Amino acid sequence: MDPRIPLYYQLMQVLLQEIEEGRYQPGDLFPSENELCERFSVSRPTVRQAINELVREGLLHRVRGKGTFVSEPKIQQDFFQRLVSFTEEMEQKGLSATTQVLELEVVPASKTVAAFLSLAHEEPVYRLERLRRVEGTPIVVVTTFVPQKYCPNLHEHDLNNNSLYRTLESRYGIRVCRARRILEVIAATEELAKLLETEVGAPLQLSKSVGWDQYNRAVEFSIARYRGDRSQFIIELRR
């Protein structure tokens, strides 16, 4: 051990290396504080601080009444760098993605939705709510609003097995060419926690997105809530 480096940090690096090398697999119960104290001959506060850092990094997570577990690796997404559908991006990464349509209905546009889509207040829009899974794990709940006038009879298309972007382009000649996205952090409500199989209050990444087509029309407004423990967004900046 290097006396110039805090002991908890050195322990954290050792545990991190063991996780990365596969000694502990995703879903495994991580050794208890007492076991780590005995193994490394360090104090309990040192072990607790090292574990807390790994939890903050998303490598471990705690389950009340059960212990600390190794987390599943986060899914890296280029959502803020490339304009592709969720389905297309997962396919390109070699991951199996599925969609479950929770609701599809025509509703009057609220003032907020109308403003994002440059519509009149209460103009009819499709409200599409979907649950997206990757490798069987729920990752994101997306609510999308699409002006009904641009895609009549959208409800007749199979959006469980076809992406919305592909459907808009193949059926209605609408190609989303430009988008603006806003990223925030929220806490999971009881309803979202149930859908995403996480805890109430767990951090979620909230993305609000507006897409414009080749005619510069605002054709979709989406609100996506991603599991914070399973999602990671890459943003590359250049000067």
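Derivation of every value follows stated rules applied to the coordinates shown; laboratory data play no part. Because the structure is a prediction, the values reported are computed rather than measured. All Cβ positions, even for glycine, are placed from backbone atoms using ideal geometry, and neighbour counts span all protein chains on display.
Separation of the stretch 186-206 from the stretch 15-56 is 26 Å, based on Cα centroids. A compact globular protein would have a Cα radius of gyration near 2.2 N^0.38 Å; the ratio found for the chain is 1.24.
Exposure proxy shown here: for ILE186, ILE235, the number of other Cβ atoms within 10 Å sets the order, fewest to most, as ILE235, ILE186.
Taking label positions 7 Å along the Cα-Cβ direction at both SER43 and SER118, the computed distance is 6.3 nm, reported to one decimal. Per residue, the Cα convex hull of the stretch 7-70 amounts to 78 Å³.
A cut-off under 10 angstrom between Cβ atoms defines the neighbours of VAL200, and their net charge, with Lys, Arg +1 and Asp, Glu -1, is -2.
With all pairs of separate Cα atoms included, the stretch 84-214 yields a Kirkwood hydrodynamic radius of 15.8 Å.
Since only HIS61, TYR9, GLY22 are under comparison, the one whose Cα sits farthest along the positive direction of the charge dipole of the stretch 7-70, derived from C-beta charges on Lys, Arg, Asp and Glu, is HIS61.
Think of the chain as having a plus end and a minus end, set by charges on the Cβ of Lys, Arg, Asp and Glu; of ILE223, LEU168, ALA109, ALA109 sits farthest toward the positive end of this dipole.
Sorted fewest first by neighbouring Cβ atoms within 10 angstrom, LEU204, LEU128 come out as LEU128, LEU204.
For the chain, the relative contact order is 17 percent, taking Cα pairs closer than 8 Å that sit 6 or more residues apart in sequence and dividing their mean separation by the residue count. Remark: the chain carries a charge dipole of roughly 640 debye about the Cα centre, counting +1 on each Lys and Arg Cβ and -1 on each Asp and Glu Cβ.
Stretched out straight at 0.36 nm per residue, the stretch from LEU206 to THR137 would grow longer than its current Cα-Cα span by 23.0 nm. Taking amide H atoms as placed 1.01 Å from N in the peptide plane, the amide H of ILE174 lies under 5 Å from those of GLU169, each 5 or more residues away in sequence or on another chain.
Expected output is a single nm value to one decimal: the length gained when fully extending between VAL14 and LYS93, i.e. 0.36 nm times separation in residues minus the C-alpha distance. What is it?
Going from the current span to full extension adds 25.5 nm.
Among all lysine pairs in the chain that are eight or more places apart or on different chains, how many have alpha carbons less than 30 angstrom apart? Lysine pair count for the chain: 12. Counting neighbouring Cβ atoms within 10 Å and putting the fewest first, the residues GLU122, GLU184 line up as GLU184, GLU122. Across the options GLN232, VAL125, ILE139, the greatest Cα extent toward the positive end of the charge dipole of the chain (unit charges at beta carbon of Lys, Arg, Asp, Glu) belongs to VAL125.
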